[in-house]
Amino acid sequence: QLDPFYASIILFAGRAWDAVTDPMVGFFISKTSWTRFGRLMPWIIFSTPFAVISYFLIWFVPDISRGQVMWYLVFYCIFQTLVTCFHVPYSALTMFISREQSERDSATAYRMTVEVLGTVLGTAIQGQIVGKVVTPCIESPFFIGKTNSSVAMEELNMTHDTGSLTDTRNAYMIAAGVIGGLYILCAVILSVGVREKRESSELQSDEPVSFFRGLKLVMNHGAYIKLIAGFLFTSLAFMLLEGNFALFCTYTLGFRNEFQNILLAIMLSATLTIPLWQWFLTRFGKKTAVYVGISSAIPFLIMVAVLDSNLIVTYIVAVAAGISVAAAFLLPWSMLPDVIDDFKLQHPDSRGHEAIFFSFYVFFTKFTSGVSLGISTLSLDFAGYQTRGCSQPGAVNFTLKMLVSAVPVGLILLGLLLFKLYPIDEEKRRKNKKALQDLR
């Protein structure tokens, strides 16, 4: 029951904190000594239980009249920090399990398939558990058309069904417990089943240079900056789509009881088509796969905003969006190891920077998620979004159309334009692979 403005403040502040923690964790990982478990795995093992506890507390509603904003801000920032301690070394493992580009590409494809499958599971678990609780919408014509004001929100909140709200809170905590259990299970499987190979990432060279000199070298590497720039805008496009599609289905299209199934259609489609994109990139190259895969969503995004409400068309758009989401998930992560190999060739005496590359990449992933949530929350707040309303003002419906259609299309086009500048094509990859073999 927080005001949308405060929700957006929490999201922005949490992502700003991420801007500090991602490179900081990358720095500490680069300084971590090798242990019998490896250099990355101890970070994953020790962060997991604390991450699960903080995740549970994000969904807990404290019995305090004041200070809720600070509660969620603190635990949201703690959770983001602990996820960074998991995600940065987890992502960097790709560079520590093999030297071969083809094996790294294959590992990335498996990783992203299961990652999207995990998102499907999370969507299904949370959606089904919380969806069991029927929270009635509020018919409030007096407020419709009124821009957001604290007085209107307070009067609207007074009409809430307290019993239903309590059931909803309990449902969210049950879902958080189940997902936390899955988090622990997956961390155990990872720590038991994967072994780091120290020699996989290292060339025969001198001792590693300092972190800050390494950071300067990494951030001056042109291929990395161009990949991040294209990745930033395409990720933001799809996160805006995913983040607002439920509200768009509920209010603009009128499919209040279908949005959970539509979101599942998006994520299942993404899961099933990642192997297709893995085959496509090995056959036609990664840059071609980026153009074809990500741009394929554009006509369907335009269609869903232009055509009248139609459930069949909506499911078609959901499946098409899932196909593009798969490309957007897989391809940038598949291209990052190529950038690191290119960097090693240009700086053969500078090593141990994998964590820096991956920490900033992870940061931009989470940063775009936070930006999309912040943009969405503030836009809907300014448009006059009514919490739990049975219907919304015309300005909200228009805003939702922009957030799931026009804005993502513009961001996709901008991202693809930036990917055009990315210099590592298939010929360059082959040359780098041979040069690295000779160097080793």
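The values are calculated or read from the model by the stated rules, or taken from the named source; none is laboratory data. These numbers were taken from a predicted model, which means no experiment stands behind them. Methodologically, a virtual Cβ is constructed for each residue, glycine included, from the backbone with ideal geometry; neighbour enumeration extends over all protein chains shown. Ligands, DNA and RNA are excluded from the accessible area calculation, which covers all protein heavy atoms including side chains. Shrake-Rupley method; radii C 1.70, N 1.55, O 1.52, S 1.80 Å.
Output the peptides 354-365, 184-195 sorted from most to least packed, where packing is the average of other Cβ atoms within 10 Å over each peptide's residues.
Descending mean neighbour count gives 354-365, 184-195.
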Checklist outcome for this item: Taking a crude spin-label model, label points 7 Å out from Cα along the C-beta direction, the PHE37 to ASP167 distance in nm is 4.3
Checklist entry - With θ set to phi - 60° and the Karplus curve 6.51 cos²θ - 1.76 cosθ + 1.60, what are the ³J(HN,Hα) couplings of the stretch 264-275 in order, to the nearest whole Hz, using x for Gly and Pro? => result 5, 4, 4, 6, 5, 4, 5, 4, 6, 9, 4, x
Item to check | GLY389 long-range amide H proximity, modeled H, under 5 Å | outcome: ILE138
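Only four residue types carry charge here, +1 at the Cβ of Lys and Arg and -1 at the Cβ of Asp and Glu. Report the dipole size of the stretch 210-439 about the Cα centre in Debye, rounded to the nearest 20. Intermediate values should be presented prior to the final figure.
Working: 19 positive and 13 negative charges, 104 e Å.
Using only the charged Cβ atoms, the result is roughly 500 debye.
In debye to the nearest 20, how big a dipole does the chain give about its Cα centre with +1 on each Lys and Arg Cβ and -1 on each Asp and Glu Cβ?
So the dipole magnitude of the chain works out to roughly 1060 debye.
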Checklist entry - Say each of CYS390 and ASN310 gets a label point 7 Å from the Cα, pointing the same way as Cα to Cβ; how far apart are those two points in nm? => result 2.9
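Between PHE28 and GLU427, what is 0.36 nm times their sequence separation minus the Cα-Cα distance? Round to one decimal in nm. Spell out each step's value before the answer.
On the way: separation 399, 0.36 × 399 = 143.64 nm, distance 3.54 nm.
Difference between extended and current length: 140.1 nm.
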Checklist outcome for this item: Per the helix-only model, the chain has a calculated mean residue ellipticity at 222 nm (DSSP H runs of ≥4, -39500 (n - 2.57) each, divided over all residues, rounded to the nearest 500) of -25500 deg cm²/dmol
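Write out the trypsin sites (Lys or Arg not before Pro) in the stretch 6-94 meeting two conditions: DSSP loop, and at most 15 other Cβ atoms within 10 Å of their Cβ. Each step should come with its number before you reach the end.
Details: sites: ARG15, LYS31, ARG36, ARG39, ARG66; in loops: ARG36, ARG39, ARG66.
Filter output for the stretch 6-94: ARG36, ARG66.
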Checklist entry - For GLN1 and LEU276, FRET efficiency with R0 = 51 Å and r from the beta-carbon atoms, rounded to 0.05? => result 0.75
Checklist outcome for this item: Using alpha carbon centers only, the stretch 385-418 is separated from the stretch 302-378 by a whole-angstrom value of 19
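Can you pull out the trypsin sites (Lys or Arg not before Pro) in the stretch 379-428 whose DSSP state is coil and whose Cβ has at most 13 other Cβ atoms within 10 Å? Display every interim value, and only then the final one.
Details: sites: ARG388, LYS401, LYS420, LYS428; in loops: ARG388, LYS420.
Within the stretch 379-428, the qualifying trypsin sites (Lys or Arg not before Pro) (loop, at most 13 other Cβ atoms within 10 Å) are LYS420.
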Checklist entry - Carbon-plus-sulfur fraction of the accessible area of the stretch 62-123, 1.4 Å probe, in percent? => result 67
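Which order do you get for LYS433, LYS286 if you rank them by accessible area with a 1.4 Å probe, largest at the top?
Details: LYS433 70, LYS286 5 Å².
Largest accessible area first, the list is LYS433, LYS286.
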Checklist entry - With charges only on Cβ, +1 for K and R and -1 for D and E, what is the dipole size of the stretch 198-342 about its Cα centre, in debye, rounded to 20? => result 260
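For the pairs LYS216/LYS401; LYS197/LYS431; LYS31/LYS433; LYS197/LYS420; LYS31/LYS286, note any where the Cα-Cα span goes beyond 31 Å.
Working: LYS216/LYS401 41 Å; LYS197/LYS431 24 Å; LYS31/LYS433 27 Å; LYS197/LYS420 34 Å; LYS31/LYS286 33 Å.
Cα-Cα > 31 Å for LYS216/LYS401; LYS197/LYS420; LYS31/LYS286; rest within.
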Checklist entry - Can you tell which of PRO299, ILE45, TYR251 lies farthest toward the positive end of the dipole of the chain, using +1 and -1 charges on the Cβ of basic and acidic side chains (Lys, Arg; Asp, Glu)? => result ILE45
Item to check | Spatial separation of Cα centroids for the stretch 14-59 and the stretch 260-289, in angstrom | outcome: 29
Checklist entry - Which ³J(HN,Hα) values, rounded to whole Hz and listed in residue order, are derived for the stretch 298-305 from phi using the Karplus coefficients 6.51, -1.76 and 1.60 in 6.51 cos²θ - 1.76 cosθ + 1.60 with θ = phi - 60°, glycine and proline given as x? => result 4, x, 6, 5, 5, 4, 5, 8
Checklist entry - Between LEU417 and VAL192, what is the spin-label point distance in nm, taking each point 7 Å from the Cα along the Cα→C-beta axis? => result 5.1
Item to check | Label zone at GLN128, where the point sits 7 Å out along the Cα-to-Cβ direction: the stretch 258-289 residues whose backbone N lies under 13 Å | outcome: 261, 264
Checklist outcome for this item: Here the gain from full extension of ALA435 to GLN346, 0.36 nm per residue of separation minus their alpha-carbon distance, amounts to 31.0 nm
